[in-house]
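Remarks on the structure that follows.
Where a number appears in this text, it was derived from the coordinates with a stated rule and is not lab data. Predicted model, so just to flag it, every value in this text is computed and none were measured. Please note: Cβ atoms are built from the backbone with ideal geometry, for glycine as well, and neighbour counts cover all protein chains shown.
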Amino acid sequence: MAILLTNDDGIYAPGLEALYQELQHLGPVTVVAPESEQSAVGHAISLITPLRVKEVSFDGRAEGFAVSGTPADCVKIAIAELLPGPPELVVSGINLGPNVGINVLYSGTVSAATEASILGVRGVAFSLNSYDQNADFAAAARLARQVLERAMGWSSWTNGVCLNVNLPALPPEEVRGLKLTRQDTGPLVEHFERRVDPRKHVYYWLAEIHERGELDPDTDYGALAQGYISVTPIHHDLTDYRSLGDLQALSWD
């Protein structure tokens, strides 16, 4: 199984390196990832600046490419230009920090997997529920591989669907299991921190507060908080089909 590996934390991120090592057990892996961090860029693509690509080496061998663009750029150019043929699977991650609820809309990690599904390739995004730079990515990558081995035979995972997988930052024996979840739609709890620089100029830094009460255990947010691996199927069709009947009143016919 030919695998394309990307992320949004940058090509030298420890989460990508750990996942690269595990994915080699499943098939040949090519890395095409941003040359620098692209967190929270969403599904942005580069239109007015060129994409510069350079080969990078893993384990002393040329195994991939660093791209001066976004995660979605990486998937697009990999499939269109860099790979000898389309991959059978696109894997994005492992992201430092969870991508649950509304964060899915902002996440470059999830957008790379979504871009794969748009192009007709199975995509999966992996994120770790930790912001600790020294988090155990090796253990998380082993969990990710186990999830993939189970998911590859799942008939509902078609090429138009990507999987958003969030992994608990727990020892393997403390992970409570895996839950198929829906996306939490509650608002983010966040604020802007006001600061003043040495020249007395005011600036603001966006800060999120992730604690939120009354989490539904059937959502990605709730399941992860309870120590489960959360797997959420995502589709890029954003149409609210429940509203279409009411919208007929707006017709000009």
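When only C-alpha pairs under 8 Å and at least 6 residues apart count, what is the relative contact order of the range 1-91, in percent? All intermediate terms of the calculation are to be shown ahead of the outcome.
On the way: 155 pairs, mean separation 33.3, N = 91.
Across the range 1-91, relative contact order equals 37 percent.
Report, to two decimal places, the Cα Rg of the range 1-72 normalised by 2.2 N^0.38 Å (N = number of residues). Show your work: numbers first, answer last.
Working: Rg = 12.2 Å, N = 72, 2.2 N^0.38 = 11.2 Å.
Ratio of Cα Rg to 2.2 N^0.38 Å: 1.09.
Once Rg/Rh (Cα atoms, Kirkwood Rh) is worked out from the coordinates, which option in (i) 0.97; (ii) 0.94; (iii) 1.00 does it equal?
(iii)
Given a cut-off of under 8 Å on Cα pairs at least six residues apart, what relative contact order in percent is computed for the chain?
17
Let me have the relative contact order for the range 41-166, percent, based on Cα pairs under 8 Å that are six or more residues apart.
Numbers: 198 pairs, mean separation 31.1, N = 126.
Once normalised by length, the contact order is 25 percent.
Each label point is 7 Å from the Cα along the Cα-to-Cβ direction; what then is the distance between the points at Asp216 and Tyr204, in nm?
Computed distance between label sites Asp216 and Tyr204 equals 3.0 nm.
Give a quick list of GluC sites (Glu not before Pro) in the range 163-217 that DSSP marks as loop, anything other than H, G, I, E or B, with at most 16 other Cβ atoms within 10 Å.
The qualifying sites are Glu211, Glu214.
Given the DSSP H assignment, sum -39500 (n - 2.57) over each helix run of at least 4 residues in the chain and divide by its residue total; what's the result at 222 nm in deg cm²/dmol, nearest 500?
-6000 deg cm²/dmol
Can you give me the pair-distance distribution of the range 105-216, C-alpha pairs, 10 Å bins, whole percents?
Whole-percent P(r) values from 0 Å outward: 11, 32, 33, 16, 7, 2.
Give me His43, His235 sorted ascending by neighbouring Cβ count inside 10 Å, so fewest comes first.
On the way: His43 18, His235 13.
Ranked by crowding around the Cβ, least crowded first: His235, His43.
Among Lys200, Lys54, rank each residue by its count of other Cβ atoms within 10 Å, from fewest to most, as a rough exposure measure.
Numbers: Lys200 6, Lys54 10.
The fewest-first ordering by Cβ neighbours comes to Lys200, Lys54.
Arrange Ser92, Ser46, Ser57 by Cβ neighbour counts within 10 Å, fewest through most, would you?
In order of increasing Cβ crowding within 10 Å: Ser57, Ser46, Ser92.
If the cut-off is 21 Å between C-alpha atoms, which lysines fall inside it for Lys54, apart from same-chain ones fewer than 8 positions away?
Straight-line reach from Lys54, under 21 Å: Lys76.
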